[in-house]
Amino acid sequence: MDIKKIISVDLDGTLLDGNMEVSAENIAAAEELVRRGYLIVPNTGRAYNEFPPVIKELPIFRYYIYSDGAVIYDKATGRRIYTCLSEETGRTVIDILEKYNAFPIVHDGETTYVNKDETNDADLARLRLNAGFCRIVYSTANAMPDFWSFCRSLKRIEMICAFFEKDEDLAACRKELEKTGALHLASSHPCNVELFAIEGGKGNAILKLAEALGVPRESTVAVGDSTNDSEMIKKAGLGIAMENACDELKKIADTVACKNTEHILKYLLENGY
């Protein structure tokens, strides 16, 4: 495979538009970029079962990075490379999250698990989750009874996305999670924390994939919109923040592109990236 560049592109707020779809303009641009020798890699905090079907089905995508870099997946061979939480760390994290009354979405084995007792309209509303995100939870997650005990039994956790009703609980929980020294913490929503193995992350994953494919770091491009994209923005050869990105990401990016409703792959194609 002769690869000119790798473009690592986040999904929500980046490749996906306001309706959580991939626009026809992005698909056409992706096809042209691939023809020119670019490899486009969706790189997301979502679990694989949370991907829109079009992302899984389009032949222009061969490699996927998901669960905030915990998994690198090669669709052509079916091979997956994992960087997951250890069993001990997983149990410690679950104990901390339960203590602070979090609503975790636990990623494991290409699927997700949530607390059956709290997966309802009223509880999701108190967490300030929008309708689109609620649809993802209802349609893809496995709602588990005796949730906390179930999570402690898991042998492998890819990552956890935990939401909080109270900002003070989120802040206190983050501090306790940081003290473990085994986690990388990020965020993609004002009331959540995303946590994964310290060796994981979107940035480490894209560099690992680039190395395996013989592509130098200088030939990698990362595009995102939220703080869970920070590491890949900093570690890629070129880091691009969306116009709709958070201010923190714009400050560390090399440049700022268009809004996610304005077809990021078309923008990259037309601007010579």
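The values are calculated or read from the model by the stated rules, or taken from the named source; none is laboratory data. These numbers were taken from a predicted model, which means no experiment stands behind them. In this analysis, Cβ positions are derived from the backbone assuming ideal geometry, glycine residues included, and neighbour counts consider all displayed protein chains. Heavy atoms of the whole protein, side chains included, go into the accessibility calculation; ligands, DNA and RNA do not. Shrake-Rupley method; radii C 1.70, N 1.55, O 1.52, S 1.80 Å.
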**OP:** With the checklist (1) under 16 Å from the mean Cα position of the chain (by Cα); (2) under 24 Å from R36 (Cα atoms) in hand, flag the one item G272 doesn't pass.
**Re:** (1)
**OP:** For the range 118-140, indicate whether the set of residues that are touching a residue at least 60 places away in the same chain (Cβ under 8 Å), open to solvent by 30 Å² or more (accessible area, probe 1.4 Å), farther than 21 Å from A197 by Cα and more than 21 Å from the chain's Cα centre (by Cα) is non-empty.
**Re:** no
Original post:
Can you name the condition, by its number, that A76 falls short on among (1) closer than 20 Å to V221 by Cα; (2) modelled with pLDDT of 95 or more; (3) among the small types (G, A, S)?
Top reply: (1)
**OP:** Keeping to the range 218-273, report how many residues are open to solvent by 10 Å² or more (accessible area, probe 1.4 Å) and in a helix (DSSP H, G or I).
**Re:** 20
Subject >> Options E199, E178, E168; residue that is touching a strand residue (DSSP E or B) at 6+ places or on another chain (Cβ under 8 Å) and open to solvent by 10 Å² or more (accessible area, probe 1.4 Å) >> reply: E178
Subject >> Failed condition for P145, given (1) at pLDDT 95 or above; (2) surrounded by 15 or more Cβ atoms within 10 Å (Cβ to Cβ) >> reply: (2)
